[in-house]
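Peer 1: Quick one: the structure is below, questions incoming.
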Amino acid sequence: MNKRILVTGGLGYIGSHTVIALHENNYEVVIVDNLSNSDKSFLKKITDITGKSPDFECFDLTDLIPLKRFFDTHPIDGIIHFAAFKAVRESVKIPLKYYYNNLVSLIQLLQEFQARGLDNFIFSSSCTVYGQADKLPIKEDAPLKPLESPYGSTKQMSEQILRDYANIHIKKVVSLRYFNPIGAHLSIKIGEFPLGIPQNLVPFITQTAIGMHPKLSIFGGDYNTKDGTAIRDYIHVYDLAKAHVAALSRLLRGKNRSSFEVFNLGTGRGHSVLEVVKAFERILNKSFDYQIIDRRSGDIEAAYADTSLAEKELGWKAEISLEEALQTAWAWEKKIASDKEKF
Ligand code: NAD
Ligand code: UD1
């Protein structure tokens, strides 16, 4: 029988792409999402792409009554836990909102997981836990630094909770540290929907190109990098999705080496902001309007992943290039605009 996986936050950006990858690998999926940052229409889009309909339950993971009812009625073989709030700037302004949602969801989920004797748990972490790493590329054993954002702190704290839990209860738990996810599904039927003005680079670039902002502001031109702009590791969201399938398969086959494992998910290549802009100009086939302004507070200079552990242990490697990923992001932005025109 096919394994049945609970995907929390499965209608969100990375979750919805992962549901597709799970379907493509013959897993059955049940999604729990409270739609706080997603839209129910993504369910139909997932079905359009894969020909399969995931089960869907709409409730808040911080709400214990529907959570218990869910586990009473849904047998599952593993959990991929995406559900969280992720807006870094908002988390600085309203820290309790982030600590409450991200930590209470996780703890209650683990309590039910434990009470029902379940195993196989995958957690969405972030390269943000490293802060500005001392060495590049960043390896999983790099020290975690004190962070400026409560959002980042929830990721560090969640990993600590999971480590303590997995070690004492001998469970199989994996934390995946994403570098910078970008792009849309190759079908261009699903992609990212940033709320308000995007803080992240790629959605800001595509929205500027479509005419929603006058120009891009590049935060900082005086970093100690090849062109003075900051460096990141941009990974296509479907490459990221496939890594979850690889991690899940490792757990289900009992191939994990310890009860709590951590893997970096990136491409292993760093690109500066200016390189991303130039790559996007090549896609547009024209120049793109930008200005270089002061650094953004809390930003780091450079981060890119050492991906050798994920390659060796998960048998996974990112395949989609920056250019292809940007092409999907641009096609998705144009699709959103043309859909808006129809209504
Ligand atoms: P997203 O906001 O698109 O998806 C999260 C989903 O979780 C949304 O559909 C939202 O409605 C749901 N949700 C949030 N709180 C919930 C709750 N209490 N109960 C039920 N549903 C809830 O975010 P994403 O970009 O897909 O990110 C997924 C995960 O990956 C998050 O944990 C995020 O912190 C982490 N992550 C994201 C990035 C990124 O750049 N997108 C980078 C590193 C890590
Ligand atoms: C941000 C978050 C981080 C999160 C990550 C992925 C902050 C401080 N950090 O990191 O916690 O894990 O997203 O979701 O918000 N840039 C511009 N102009 C823009 C937007 C961005 O120059 O309008 C630059 C940034 O300064 C950075 C690079 O582009 O150098 C990438 O920015 P972004 O997409 O926000 O990702 P991170 O800074 O890596």
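The values are calculated or read from the model by the stated rules, or taken from the named source; none is laboratory data. Only a predicted model underlies this, so the values are computations on that prediction, with no experimental measurement involved. Note that we place each Cβ from the backbone using ideal geometry, even for glycine, and neighbour counts take in every protein chain shown.
Peer 1: I'd like to verify a number: residues in the stretch 16-45 that are within 8 Å of ligand 1 (Cβ to nearest atom), buried (at least 23 other Cβ atoms within 10 Å of the Cβ) and over 18 Å from I188 (Cβ atoms), how many?
Peer 2: Total meeting the criteria: 2.
Peer 1: Within the stretch 257-273, can you find the residues that are of a type outside the set (F, W, Y) and in contact with a strand residue (DSSP E or B) (Cβ under 7 Å, 6 or more places away or on another chain)?
Peer 2: S259, E261, V262, N264, L265, G266, T267, G268, G270, H271, S272, V273
Peer 1: Listed residues A83, A142; which is small (G, A, S), more than 18 Å from G15 (Cβ to Cβ), at pLDDT 95 or above and in a loop (DSSP other than H, G, I, E, B)?
Peer 2: None of the others qualify; the one that does is A142.
Peer 1: For the stretch 148-157, does any single residue satisfy the condition of being more than 12 Å from ligand 1 (Cβ to nearest atom), over 26 Å from N256 (Cα atoms) and in a loop (DSSP other than H, G, I, E, B)?
Peer 2: Yes, the stretch 148-157 contains a residue that is more than 12 Å from ligand 1 (Cβ to nearest atom), over 26 Å from N256 (Cα atoms) and in a loop (DSSP other than H, G, I, E, B).
Peer 1: Return yes or no: is V88 farther than 21 Å from S258 by Cα, over 19 Å from the mean Cα position of the chain (by Cα) and of a type in the set (A, V, I, L, M)?
Peer 2: No: the conditions fail for V88.
Peer 1: Still on this structure, I have one more. For the stretch 89-108, state whether one or more residues are in a loop (DSSP other than H, G, I, E, B) and modelled with pLDDT of 95 or more.
Peer 2: For the stretch 89-108, residues in a loop (DSSP other than H, G, I, E, B) and modelled with pLDDT of 95 or more: present.
Peer 1: Also, quick follow-up: Could you check the stretch 117-165 and list, in sequence order, the residues that are within 15 Å of ligand 2 (Cβ to nearest atom), surrounded by fewer than 19 Cβ atoms within 10 Å (Cβ to Cβ) and acidic (D, E)?
Peer 2: Once the filter is applied, which keeps residues that are within 15 Å of ligand 2 (Cβ to nearest atom), surrounded by fewer than 19 Cβ atoms within 10 Å (Cβ to Cβ) and acidic (D, E), the stretch 117-165 yields only E148.
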